[in-house]
Each structure stands twice: as C-alpha cells, then as structure tokens.
Amino acid sequence: MTVSNLEVITKVQLHTHRKTTGKTGDDARLQQAVDMVNAALFEQTRRKWFKATVPDWDLVLDGAPDGMHLYLPHTPVVGAITTLQRGHYDTGGWVSDHTYTSGEFVLDSEPGVLTALPPQPFARGPQSMRVVFASGWATIPADVTWAALAWASVEYERAAGLRHDQTSQAFEGGADAFTFDTIPAASRRVIDRYTRRDGIV
C-alpha cells in the first residue's frame, strides 16, 4: 500500500463542491488540494480510506500485554486474517515459533481487535507478533467525505493565495488578531472521531 493510492475525495468531487459556492479553479490547484487532504487524512487517522482487495499489510507488532488482545493499527479489517504468527527476529530475519489457525483466535473486524483463545496465548514482548491482513472501507463514510471536502476547500484557497506559509494575521496596534487553521473546526471533529489512538505501529 502506498499513500498515493489512497482516495478520500476526487478532483471531480472538489470541483463540484466549489462550483456550488460559485467558485471554481484551475485543475492544478484542485489536484494539489485533493492530493494533500487524501494523504493527510491517512497520516492523521492511520486508516486506509478505500476498500482493500488483497492483503497488503504485513506487520510485525509488539505483543499483547495481557497475552489475550492484539490491536491492529489499520481498520476496519477486510475479510480474514491471512497470516498470524508468534515469533522473533534473529540475524536472518523473522522466525516463526507458532502459526495460529483460525480456531485459535477471534477477530473483531471494525475495531481491529484479535482475541486469543486457549491454549495458545499471544506473545507479550516487543516485535513478537506478525500479522498479514487487508483493511479499508466498502464505502467511505459520508461525514468523512464532507470533512475532506471542507478541508480541501480551505487548502484550495491557500494555494491560490500569495503566502502559502501564512497562518495568522494581526492588525496595527494588536487589537485584533486572526489565526488560520487549515482544518476547519467541524472537519477536525469528524477526523478526531475516526483517529486510531491505540495499536499504532
């Protein structure tokens, strides 16, 4: 998986969104705003925003502190876990001590939580669990699309401005000051709801 493959919104969507407000722009600025928001949403939420069709995460994670629950960093999980192993690294690379069968753990796809079943607990140490899986969405949630469009509209306006690096402005005497946040407050609230705060690699 590469960030360039992520697609939260498209140039066509952003163009349509801008047109409804009576403002349209050139293709270069539209594409710049779209690319920035698509990549930034992935970085901020640690979620893939399209449906994966093949297993494309092959990760070695720290083990489960309680030996029972392993939290995957990218969700929701699509389909079954392709590979789940307990092991360690040596000079030759990854060495598996045990490969789990589907009957030795339970997957909760939405939050991306694996629960070990007796008698095979998960490893507890650092970099001791390898997992291969796919993650993404069948349909991107509507509130995420709306948040991305609102954010991209702000980035579009900044790209059209004279000072791309300007984030604040103060009038003479300091009586009035304004701060420009490139992420609208409403978009930020949506992004925060979808941000993964556990199980990050």
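Since every read-out is calculated from the coordinates, none of them should be taken as a lab result. No experiment lies behind these values; they were computed from the predicted model shown. For neighbour counting, all protein chains shown are included, and Cβ atoms are generated from backbone atoms with ideal geometry for every residue, glycine included.
Here are the numbers for this structure:
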| item | result |
| --- | --- |
| Three-way shape call for the stretch 74-161 based on the alpha-carbon gyration tensor, with the a/c threshold at 1.5 | prolate |
| Ascending count of other beta-carbon atoms within 10 Å, so fewest first, for S109, S135 | S109, S135 |
| Spin-label model distance (nm) - W94 vs E110, 7 Å beyond Cα toward Cβ | 2.9 nm |
| Cα-based shape type of the stretch 1-156, given that a ≥ b ≥ c are square roots of the gyration tensor eigenvalues and the cut on a/c is 1.5 | prolate |
